[in-house]
1. Out of A:S116, A:Q90, A:I50, whose Cα points farthest toward the positive end of the dipole of the stretch A:6-123 (charges: +1 Lys, Arg; -1 Asp, Glu; placed on Cβ)?
2. Picking from B:I45, B:I26, B:N82, whose Cα lies most toward the positive end of the charge dipole for chain B (charges on Cβ: Lys, Arg +1; Asp, Glu -1)?
3. Rounded to the nearest 10 degrees, what's the angle between the helix B:82-105 long axis and the longest principal axis of chain B, both from Cα atoms, 0 to 90?
4. Taking Cα atoms, how many degrees apart are the long axis of helix B:7-21 and the longest axis of chain B, rounded to 10 and kept between 0 and 90?
5. Taking the Cα centre as origin and putting +1 on Lys and Arg beta-carbons and -1 on Asp and Glu beta-carbons, what dipole magnitude results for chain A, to the nearest 20 debye?
6. Of A:W57, A:W42, how do they rank once you tally other Cβ atoms within 10 Å and put the fewest first?
7. Residue farthest toward the positive end of the dipole of the protein assembly as shown, with Cβ of Lys/Arg at +1 and Asp/Glu at -1: which of B:M72, B:T55, B:F145?
8. Mind scanning A:K6/A:K121; A:K78/A:K118; A:K25/B:K63; A:K21/B:K4 and naming the pairs with a C-alpha gap bigger than 25 Å?
Amino acid sequence: MDTSIKILIVDDFATMRRILKNILKQLGFKNLVEADDGTTAWEILEGQGIDLIISDWNMPKMTGLELLKKVRANDTYKGIPFLMVTAEAQKQNVIEAVQAGVSNYVVKPFTAEAISDKLEKILR
Amino acid sequence: MDVKLVNPFIDATINVLETMAFMTVIAGEPYLKTDNVAKGDVSGILGLTGVANGTIAVTFEAKCILAVVSNMFGETMSELNNEIADAVGELTNMISGQARRELGEMGKVFKAAIPSVIIGKNHSVIHFTNGPKIAIPFNTDNGDFTIEVCFER
């Protein structure tokens, strides 16, 4: 995996951003930025060269699914890999995310290994 | 209240704590709670709507939640602060999410609200439905916590 890429972590809970940052740092990723909702994430996306988005689903202002759809509809950003990390894992949610173009999906609670496996698949 | 609604929350609580905080969690005997006094120092409360309306609450003793969050963050947490409150909210979310998945597979679909968190000695946990409050105590090597599940009659 190329650990020099810039990763945007989006979650309204600081706890989850912190856990994800810890895991990503353990995996060797150092270039990490974070946002606490989809709207802020979009602003960061427009201002910085983001190589991968890791996003929660349930967030105020703009949900992870809405962010994903907005990214995929934009000619500049549509190719950015998008990992959804969420407690929403009923079949309908997964189908919606896949239809919207999610690169992969991790269900909370998760292990560091689960995140690593998904990133390997996305970034190989 | 359908007791089948309670078991997924017990399973989810054990799995979330074991996966995210690497802690062994032992569930005690469920009982009917008759007052509103929290069995600990910090509570996460979350409303559910769907085939039944209700609320769940997760209440930790201070020692327990400090150990849980210390394990989650990989660094020692020593006071009940906003970081702990945020973590309790996210833990409540995760417990709700996993339980709702299990319930969904049984054909019982629920939506969850955003959790609220209360910190303080002897705070109250008030469920807004008229059903029985089922409390399940849990034990860890670092103190106890309790979940409460309450669905309308």
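1. Checking the options against the dipole of the stretch A:6-123, the answer is A:S116.
2. Ranked along the dipole, the leading option is B:I45.
3. That helix lies at roughly 30 degrees to the long axis.
4. Helix B:7-21 sits roughly 20 degrees off the main axis of chain B.
5. 240 debye
6. The order, fewest Cβ neighbours first, is A:W42, A:W57.
7. Comparing the listed Cα positions along the dipole, B:T55 ranks first.
8. A:K25/B:K63; A:K21/B:K4
Readers should treat all values here as calculations from the given coordinates under stated rules, not as data from a laboratory. The structure displayed is predicted, hence computed values, not measured ones. As a convention, Cβ positions derive from the backbone with ideal geometry for all residues, glycine included, and neighbour counts pool all protein chains shown.
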